[in-house]
Amino acid sequence: EFARRVTVVTSNVDPLHERAGSTRVFKLHGDILQACCTRCKSLQALDPEALPQRVHEETLFRCACGGLMRPNVVWFGEFPNNEASEAALRGVYEADVVLEVGTSGVVSYGFTEMAVEEGKMVIRINPDPAMQPGIYVIADPAEQALPALVELARNVS
């Protein structure tokens, strides 16, 4: 196998990477299928089928400690998930290649720039990418570019 270990660090809050078979997924913006207590910070899994159609004071979820539960996602003005940020930093230092998929690079936490500074090969896959020095750009949609990149890697290894 040409990829010994892949770490996915994503801003997505949905479970699509896990459904696709990824096992090392770190979510910068949290997990929409979890609730977090506003008081004690404990996490609870959410069943989308069990969510109320309308939210009223009576339907708000409460933690065992009595605190209100909220979606475990990053809201405006909040910092990204610490565990995911640390995974991204480790990934930058351990990676042979950094793929930035589906982002223009306009909003950044600095991981891509750090990878460039560390001398890593950085490939940005986006049909409308921001151009930056030291980043190879594939200006195609991910569903076209990624299979072609995998095929290329298989042929090289």
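DSSP assigns beta bridges within the chain; of those with both partners inside it, close to 45 percent run antiparallel.
Restricting region 48-157 to chymotrypsin sites (Phe, Trp or Tyr not before Pro) that sit in a DSSP loop and have at most 13 other Cβ atoms within 10 Å of their own Cβ leaves Trp75, Phe76.
Looking at region 36-144, the GluC sites (Glu not before Pro) that sit in a DSSP loop and have at most 16 other Cβ atoms within 10 Å of their own Cβ are Glu78, Glu118. Sequence-distant contacts, meaning Cα pairs under 8 Å at least 6 residues apart, place the relative contact order of the chain at 16 percent. Taking amide hydrogens as placed 1.01 Å from N in the peptide plane, the amide H of Asn81 sits under 5 Å from those of His29, Gly30, each at least 5 positions away in sequence or on another chain. How far is helix 142-156 tilted, in degrees, relative to the longest principal axis of the Cα atoms in the chain, given as a value from 0 to 90 rounded to the nearest 10? Relative to the chain, helix 142-156 is tipped by roughly 50 degrees.
Which order do Phe79, Phe26 take when ranked by solvent-accessible area (1.4 Å probe, heavy atoms of all protein chains), largest first?
Accessible-area ranking of Phe79, Phe26, largest first: Phe79, Phe26.
Region 82-122 and region 2-66 have Cα centres lying 23 Å from one another.
The mean of 1/r over all pairs of different alpha-carbon atoms in region 12-107, once inverted, gives a Kirkwood hydrodynamic radius of 15.5 Å.
Between the helical axis of 82-94 and the longest alpha-carbon principal axis of the chain there is an angle of about 10 degrees.
The values are calculated or read from the model by the stated rules, or taken from the named source; none is laboratory data. Just so you know, these numbers come straight off a predicted model, no measurement behind them. Every residue, glycine as well, gets a Cβ built from its backbone with ideal geometry; the counts of neighbours run over all protein chains shown. Note: accessible area is taken over every heavy atom of the protein model, side chains too, but ligands, DNA and RNA are not part of it. Shrake-Rupley method; radii C 1.70, N 1.55, O 1.52, S 1.80 Å.
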